[in-house]
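Take a look at the structure below.
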Amino acid sequence: MKKLTIQGMAKINLGLDVIRRREDGYHEVKMVMQTLNLCDTLTIEKSDTPSITIQVGTAPLPADENNLIYKSANLLMQHCNLSLGVSISLQKEIPIAAGMAGGSTDAAATLLGMNQLFALGLSLEELQKLGVKIGADVPYCLQGGTALSEGIGEILTTLPAAPDCFVVVGKPELSVSTKYVYENLHANSLQYHPDIDGMVVAITNKDLDGITKRMENVLETVTEKEYPVITDIKDLLKEKGAENALMSGSGPTVFGIFTEEKRAREAREALQQSGLVKQSFVTTFSDRTGIVVSKE
Ligand code: ATP
C-alpha cells in the first residue's frame, strides 16, 4: 500500500464534570464522550525521504511541526524507527478551537492511518499510550464511540452505544482556548456537579430522555458567562424542539439533541438564519472512528 484515506470523527461531551484541580495544575475530569458523524479526512501517502510534509488546504492551521498531525507522525516514526516519510493532506470539516477535539481527532487519525499504511501492527492500547503524549483526549479519539473518560481524560471505560438521535451542532464566530477556560474555572468551589453516573446508567438502558435531562457541562460557568451567544444558541435549539442543548467541551460549540430529523433540519435552518452561528451541521452519533475510505 502506498496511500490511504482515513476519516477521524469529531466528539461532543454529553456530560462534563471537573472533580478537582490537582496540586500539579491538571484537572481531574469525569466526562461522557460521544463521537459524531462529522469528520476530518486525512490522506496519508508514503514518501521516500524520512520527512513529514503536511497540507492543510484553506484551513487556518499551521502546516509545520506545530500541527498535531506532524507531532503524531513524528512520534510514531521515532517509536517505530521508520526510515520512510509521509505526506499528509488534511480536509478539515471539524470546527477549530471549538470544543470538539478536532486537533486530537487528527492526531488519532494520523496514528491509526500510519499504523495501517506501514503495517506497524501496534495495538489500540499501544497507540493510546503514544497518543496521550500528544494530548489527553487522543486516547479517546483513537477508540471513538461512547465512553466515560476520567483522570485527566486518559482513563477510559467503553460504554454501550448511545441511542440513535439527531444532533444539531452550531459554532459561533468566536474561538475559545481550552487552556483559558480551565485556568478560569474555580474547580474546587463549583456549585453543582452533573450526574455523570446517572447518565452512564441511562446510556446502558438506551434511555435517551434519561441522557438528555442529565446533560450538563461545568465549563459553561466560564465560557457561557463570557459569551452570551452560547445561551442564545441553546435557547434557540430548545425553542425549536431540542430535547436539550449543551456546550461541548470548553466551547464555544453548542449541540442540541433531537428525536426527529425534520425538526433537527428546521432547527439548523433557524440557527443559520439567526446569524448566531458561523458553522452548523445536522448529524448523528457514530459508534466508531478511524474509518479507512480508500487504499491504493
Ligand atoms: P478540545 O475539544 O480538545 O479542547 P478544540 O476543539 O477546543 O479541542 P482544536 O480544534 O483541537 O481545539 O484546536 C486547538 C488548537 O490546536 C488550535 O488553536 C490549533 O491551532 C491547534 N492545532 C494544531 N494542529 C491542529 C489540527 N490538526 N487541527 C486543529 N487544530 C490544530
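The values are calculated or read from the model by the stated rules, or taken from the named source; none is laboratory data. These figures come from a predicted structure and were not determined experimentally. Because the Cβ atoms are built from the backbone with ideal geometry, glycine has one as well, and the counts that use them run over all protein chains shown. Heavy atoms of the whole protein, side chains included, go into the accessibility calculation; ligands, DNA and RNA do not. Shrake-Rupley method; radii C 1.70, N 1.55, O 1.52, S 1.80 Å.
Things worth noting here:
- Scanning the chain for chymotrypsin sites (Phe, Trp or Tyr not before Pro) that sit in a DSSP loop and have at most 14 other Cβ atoms within 10 Å, the longest stretch containing none of them is 27-191.
- Whole-number percent relative contact order across segment 27-98, with pairs defined as alpha carbons under 8 Å at least 6 apart: 48 percent
- Simple point charges give the picture: +1 on the Cβ of Lys and Arg, -1 on the Cβ of Asp and Glu, and for segment 169-216 a dipole about the Cα centre of about 100 debye.
- Of the trypsin sites (Lys or Arg not before Pro) in segment 88-194, those whose Cβ has at most 16 other Cβ within 10 Å and which sit in DSSP loop: K133
- Apportionment of accessible area to carbon and sulfur, segment 92-159, percent (1.4 Å): 51 percent
- Solvent exposure of the chain as accessible area per residue, Å², 1.4 Å probe: 44 Å²
- Expressed as a whole percent, the accessible area of segment 189-270 that falls on carbon and sulfur atoms is 44 (1.4 Å probe).
- Under-5 Å amide H pairs with I19, H placed in peptide plane, nonlocal only: E28, V29, K30
- Column: log10 I(q)/I(0), Debye, Cα scatterers of the chain, q = 0.08 Å⁻¹: -0.33
- Point-to-point label distance, K225-R265, nm (Cα→Cβ direction, 7 Å offset): 4.1 nm
- Angstrom value of the Kirkwood radius, inverse mean 1/r, which spans all Cα pairs in segment 49-147: 13.6 Å
- Of the trypsin sites (Lys or Arg not before Pro) found in segment 205-276, the ones in coil according to DSSP and having at most 15 other Cβ atoms within 10 Å of their Cβ are K206, K213.
- Considering only alpha-carbon pairs that sit under 8 angstrom and 6 or more positions apart, the relative contact order computed for segment 91-236 is 18 percent.
- Summing +1 for each Lys or Arg and -1 for each Asp or Glu among the other residues whose beta-carbon sits under 12 angstrom from that of L90 gives -2.
- For segment 24-104, Kirkwood radius (reciprocal of mean inverse C-alpha pair distance, Å): 14.5 Å
- With contacts taken as Cα pairs under 8 Å at a separation of at least 6 residues, segment 157-296 carries a relative contact order of 38 percent.
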